[in-house]
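Structure first, then comments.
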Amino acid sequence: MNTHYKDNRSLPVRILSVLGKVLILGTAGIFTAFPFIWMIVSSLKTKADILNTDIFFPTDPQWSNIASIIFRSPIPRYIFNSAWVSLVIVGLQIITGAMLAYALVFLKFRTNKLLFGIVMGTYMLPVAATYIPSYIILADWHMLDSFRGLIISSTVSIFGIFLLRQGFMQIPKGLVEAARMDGASHWRALWEIVCPMTKASFITFGLMNFISTYNNYMWPSLITKSSEYFLVSQGLRAFFIRDGAYGTEWALVMAASAVVVVPLLVLFAFTQKWFINGIGGETGIKG
Amino acid sequence: MAEIILNNITKEYDNGFQAVKNINLEIKDNEFVILVGPSGCGKSTTLRMIAGLEDISDGDLFLDGKRINDVPPQERDIAMVFQNYALYPHMTVYQNIAYSLKIKKVPKDEIDRRVRETAASLGLTELLDRKPGQLSGGQKQRVAMGRAIIRHPKAFLMDEPLSNLDAKLRGQMRVEIADLYQRLNTTFIYVTHDQTEAMTLGTKIVVMKDGEIQQIDNPTNLFNYPVNKFVAGFIGTPTMNFFDAECVEEDGKLCLKTLDGKIELTPEKEQKLKEDGWTGRKVTAGIRPEHLEFCTEEQAAFKGEISVFELLGSNAIIYAQCADGRVVMNTNDTVSREHGETVFMKPREEKLHIFDPETERIITN
Ligand SMILES: Nc1ncnc2c1ncn2[C@@H]1O[C@H](COP(=O)(O)OP(=O)(O)OP(=O)(O)O)[C@@H](O)[C@H]1O
Ligand SMILES: [Mg+2]
């Protein structure tokens, strides 16, 4: 939507205001992007260059750093673990989240409000407080140190339920009722009517949770010990301290970090349009 | 093809409000039933219970002899047209119309044939590839109808389907719905608060007020034999004139005394009033504007000055200020009249309705 309005401030004031905005946003942008850029340039430096604060850009780009991460390290394996575990988890979270949000928004039952209260209440709980009970449950189910345990313990996302609920509330109830009259079950109404109309919320949900699961460190490192089950963050740490190389292979660690981020960047590039929409509270219903 | 029976149906919302109170209604196969009444009287609630979109608090709902209180809407095989059309915005007109058949797993080529047939019958062929956002109100309305008729459902439910259209389009769609009913030969249940729509479309009209059914009848009977003051006032435009009158006996004959004069009674009405012991008591009388006629000063039941004169072409509406308040007359006498002119009017005796002033029930029509 373009809102055209007449700006009747004088020219110098307008120029100043634009400059001000550019300055503020530019500074914030640089601050945000700087660590990332630093990581990228560092990944191409030699061991000597990397600790020398006088040089920012690598004098002699070490492409071999990247190659050794991709071909001669366990990092690709961790990326693969992270990617598919996150994919499964996000898939499950979308299904459970959409079903619960649908019930909260479109079904009439007495405990509806109470249920929403409880769900939101658990959101207030610090995540760390759930570690011990979750750990004990997984131990009882003999699911520690396994992908199954990682997945099972993350099948529900409260944030996702909330996000979808907000999106669903934008949909006129009459549409779901019309679908029901047309012969659709709740399940079909959810996926064929509600979901396509709230695509932006689903994509935002999927992407944000994919990123956080992909990068998750604390919980996976509590329940997995064997390196074959490591996700990227754990993997990076293990790689960092491998063979007692504590803080000596900075360039390689930076290269590994850079490689790890690539899948997320690709994903973001594809979903960016929807992502921004979803965060802005748009539901994509517009004609 | 469906027979629908509502047996002592009650709806109480979660907040304890009784929107529908113990109603009984029998809808025969192929009937065009209209639920009509003022806003908030429970029409939509009743329709939605039949649809299955609202739980029934008490009573039994039968469809073709089977109790369906607990059957979910998608298994009732009833189609519904919503007031705001409720078209799926992300689907084309084609997909909107085809959706119910797709759910029923009808073969693709049959779906295609039926969609095109339905679209043609509603003049939608050109619009099949459009999304609902690109349609006018009238076109959306047609798509909503198409979505309902393609299924050949057991019954059609329509909740004020024309209320979002402008007056002209509404008249046109009304004719189309009547035509559709003739062609489809199915049960229709139609909700409206517009009594003209009700009178022109329905074969059976259910007048509701405050969650209760007031009267169930065909348009003619509803117009001529209302069971109470509410129905009498609700049906017909302009509305019926109501006034207080006293039953007095003069020379052994009963007549009604108004503030301006008196009204003779037909022998049947006289007898009924006498039998029920109304002699010497006050009643509420009602006369429709079209059943008033001009008369001489001696005969007049109402004397008044014209406050508004509306010439509508073949007839004229006269609003006169009388001792009994404002009296409205609808006459074929289209001689132009001046504001402030004095008129004398009397009811046609056989068209007079007399109500009990306390219960507001009819005493005699
Ligand atoms: N979910 C609800 N909870 C509580 N009361 C409700 C609910 N829905 C409707 N009502 C009340 O029930 C009564 C009947 O509502 P309903 O929608 O059936 O009226 P209606 O006859 O269709 O009116 P209209 O012509 O305005 O559409 C109204 O007084 C309304 O306020
Ligand atoms: Mg209504």
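The values are calculated or read from the model by the stated rules, or taken from the named source; none is laboratory data. Given the structure is predicted, the values throughout are model-derived calculations rather than measurements. No Cβ is skipped: glycine too gets one built from the backbone with ideal geometry, and neighbour counts run over all protein chains shown.
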Selection count, region B:69-87, where residues are more than 16 Å from ligand 1 (Cβ to nearest atom) and surrounded by fewer than 21 Cβ atoms within 10 Å (Cβ to Cβ): 7
Residues to consider are A:Arg14, A:Arg77, A:Arg9; find the one that is farther than 30 Å from A:Leu267 by Cβ, at pLDDT 85 or above and of a type in the set (D, E, K, R). A:Arg14
Selection count where residues are of a type in the set (A, V, I, L, M, F, W, C), within 16 Å of ligand 2 (Cβ to nearest atom) and either assigned to a loop (DSSP other than H, G, I, E, B) or surrounded by fewer than 20 Cβ atoms within 10 Å (Cβ to Cβ) (or both), scope region B:15-66: 3
Search region A:133-192 for residues being of a type in the set (Asp, Glu) and within 11 Å of another protein chain (Cβ to nearest Cβ), and hand back the single one that is surrounded by the fewest Cβ atoms within 10 Å (Cβ to Cβ). A:Glu192
Kindly indicate the residue of region B:260-276 that is touching a residue at least 24 places away in the same chain (Cβ under 8 Å) and assigned to a helix (DSSP H, G or I) and also surrounded by the fewest Cβ atoms within 10 Å (Cβ to Cβ) among those meeting that condition. B:Glu268
Can you find a residue that is away from chain A (no Cβ under 14 Å) and surrounded by 20 or more Cβ atoms within 10 Å (Cβ to Cβ) anywhere in region B:102-111? no
I'm trying to understand the selection: among the residues of region A:193-217, which are surrounded by fewer than 19 Cβ atoms within 10 Å (Cβ to Cβ) and either touching a residue at least 12 places away in the same chain (Cβ under 8 Å) or within 8 Å of chain B (Cβ to nearest Cβ) (or both)? A:Pro196, A:Lys199, A:Met208, A:Ile211, A:Asn215, A:Tyr217
Consider region A:79-115. How many of its residues are away from chain B (no Cβ under 14 Å) and over 18 Å from A:Lys173 (Cα atoms)? 20
